[in-house]
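To start, the structure under review is shown below, and the notes come after it.
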Amino acid sequence: MEQNFYYSQNSLGIFKRCPKMFEYIYKDGISGKEMDPKLKKRIEAGTNFHILAERYFNGMKDYFYIKDGELLEWMAVLEEKYPEDIDCRSEFEIRQNKDGIKLMAKYDLVVIDNDKIKIVDFKTNKNPYNLEVMEEHIQTKVYMYLLGENLKKMFPKIKIEDISMEYFQLNYPENQILIKYTEKKHEINKKILGELIGEINKNKKYLHLKNNGTCVKCGFESFCKGEAKKT
């Protein structure tokens, strides 16, 4: 990996799913087979929404030219929940290299309301999320830990207990996924992330994982089969 590489929720999530996939992507620089067209289209739709949302929160409500009905519906849901004049930071990035944890996150939205702060992550998935599952998700841990760790220098009046994170699902706005933060959770997340990054930094070659549920869709199965033949 490059010297200036910072771990993200995406790279750590890939390592948790399959260390071998992480090795292919981030250490060997190998791309898997071409993405499924339907999945590619969903990802592009989500990307386009995030671009429009960023422009909206920066005072550029100029998407009158958009013809995509789904995108327009998502923007209507967003406008109803979050007026454009709220105190917020859109596409807000934090990086840190501290205590062996070299980490970065780019937040869709950070909302400041008096002495409270809420991380908002926009999701355009077709299926609704579960609160218990998302509370343990690596993205939740990375985003809340990074903000909590850098809170004093960025928002000195706000305490860790005043941080929350919302997964705002554009297709299920009534399904509120709101997670509260505490000092105890912060220490647990620091330990988990430190150990995970420490494991990756050992720089060992990762073994092919057999019977892994991600293998069917990962795009690297041909590489793994090739390595299996060598051994």
Report task. Identify, from the list 190, 180, the residue that is modelled with pLDDT of 95 or more, closer than 30 Å to residue 80 by Cα and either of a type outside the set (A, V, I, L, M) or surrounded by 14 or more Cβ atoms within 10 Å (Cβ to Cβ) (or both). Result -> 180
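Please indicate, with yes or no, whether at least one residue in region 160-168 is part of a helix (DSSP H, G or I) and touching a residue at least 24 places away in the same chain (Cβ under 8 Å).
Yes, there is a match, as at least one residue in region 160-168 is part of a helix (DSSP H, G or I) and touching a residue at least 24 places away in the same chain (Cβ under 8 Å).
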Query raised in the report: If you go through region 7-27 one residue at a time, do you hit one that is exposed (fewer than 13 other Cβ atoms within 10 Å of the Cβ), at pLDDT below 90, among the hydroxyl-bearing types (Ser, Thr, Tyr) and over 18 Å from the mean Cα position of the chain (by Cα)?
Result: no
Query raised in the report: Mind checking which residues of region 124-145 are buried (at least 18 other Cβ atoms within 10 Å of the Cβ) and more than 21 Å from residue 184 (Cα to Cα)?
Result: 124
Requested in this report: Say whether the condition of being over 30 Å from residue 221 (Cβ atoms), in a loop (DSSP other than H, G, I, E, B) and out of contact with any Phe, Trp or Tyr (no Cβ under 7 Å at 6 or more places or on another chain) is met by at least one residue in region 38-52.
Outcome: no
Report summary line: Filtering region 69-116 down to residues that are in a loop (DSSP other than H, G, I, E, B) and surrounded by 13 or more Cβ atoms within 10 Å (Cβ to Cβ) yields 82, 84
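The values are calculated or read from the model by the stated rules, or taken from the named source; none is laboratory data. What you see is a predicted model, and the numbers here were worked out from it, not measured in a lab. Methodologically, a virtual Cβ is constructed for each residue, glycine included, from the backbone with ideal geometry; neighbour enumeration extends over all protein chains shown.
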